[in-house]
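Working notes, structure below.
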Amino acid sequence: QVQLVESGGGLVQAGGSLRLSCAASRSIFNFLGMGWYRQVPGKKRELVARIFSDGTTNYADSVKGRFTISRDNAKNTVYLQMSSLKPEDTALYLCTAESTIYWGQGTQVTVSS
């Protein structure tokens, strides 16, 4: 079992930046990958970015060039650096260990125009 705790969300103006962190209670090294998703009330949860154990990354088209996912296996932590934020990036951001049942509780990101 693993617990995932997100942090780093908040209120930011459009064009600003935030760095989200997802700290795992144990090693994430053996997971297939780690992902960041986001959810807005009334909408389907969507993939933002994921990083596989070999370092390969995937991004949603809407965040390419603005967001960067990274991982620090020694710290059991995954990061999401978000830049050039837009109001449409407003959502609850959740971390998951891909292909498992493990999800964090999320951290709210609100981008004002």
Quiz prompt | Candidate set from segment 53-69 (those that are among the small types (Gly, Ala, Ser), in contact with a Phe, Trp or Tyr (Cβ under 9 Å, 6 or more places away or on another chain) and closer than 20 Å to Ala91 by Cβ); member that is surrounded by the most Cβ atoms within 10 Å (Cβ to Cβ) | solution = Ala60
Self-check item: Of all residues making up segment 2-35, the number that are closer than 17 Å to Asn76 by Cα, not hydrophobic (A, V, I, L, M, F, W, C) and not in a strand (DSSP E or B)
Solution: 6
Quiz item: With (1) touching a residue at least 24 places away in the same chain (Cβ under 8 Å); (2) in a strand (DSSP E or B); (3) open to solvent by 50 Å² or more (accessible area, probe 1.4 Å) as the list, and Arg38 as the residue in question, which single condition is left unmet?
Solution: (3)
Quiz item: Would you call Val111 surrounded by 14 or more Cβ atoms within 10 Å (Cβ to Cβ), touching a helix residue (DSSP H, G or I) at 6+ places or on another chain (Cβ under 7 Å) and in contact (Cβ under 8 Å) with a residue 12 or more places away in the chain?
Solution: yes
Practice problem: Give just the number: which of (1) within 13 Å of the chain's Cα centre (by Cα); (2) on the phi < 0 side of the Ramachandran plot; (3) of a type outside the set (Ser, Thr, Tyr) does Gly106 not satisfy? | Solution: (2)
Quiz prompt | Selected residue (criterion: most open to solvent (accessible area, probe 1.4 Å)) from residues of segment 70-96 that are of a type in the set (A, V, I, L, M, F, W, C) and touching a strand residue (DSSP E or B) at 6+ places or on another chain (Cβ under 6 Å) | solution = Leu92
Exercise. Look at segment 26-35 and say how many of its residues are crowded, with 16+ Cβ neighbours inside 10 Å and out of contact with any Asp or Glu (no Cβ under 6 Å at 6 or more places or on another chain).
Key: 3
Quiz prompt | The lone exception for Ser99 - which of (1) open to solvent by 50 Å² or more (accessible area, probe 1.4 Å); (2) at pLDDT 95 or above; (3) at positive phi it fails | solution = (2)
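The values are calculated or read from the model by the stated rules, or taken from the named source; none is laboratory data. Computed from a predicted structure; not experimentally measured. Cβ atoms come from the backbone with ideal geometry, glycine included; neighbour counts cover every protein chain shown. The accessibility values were calculated without ligands, DNA or RNA, using every heavy atom of the protein model including side chains. Shrake-Rupley method; radii C 1.70, N 1.55, O 1.52, S 1.80 Å.
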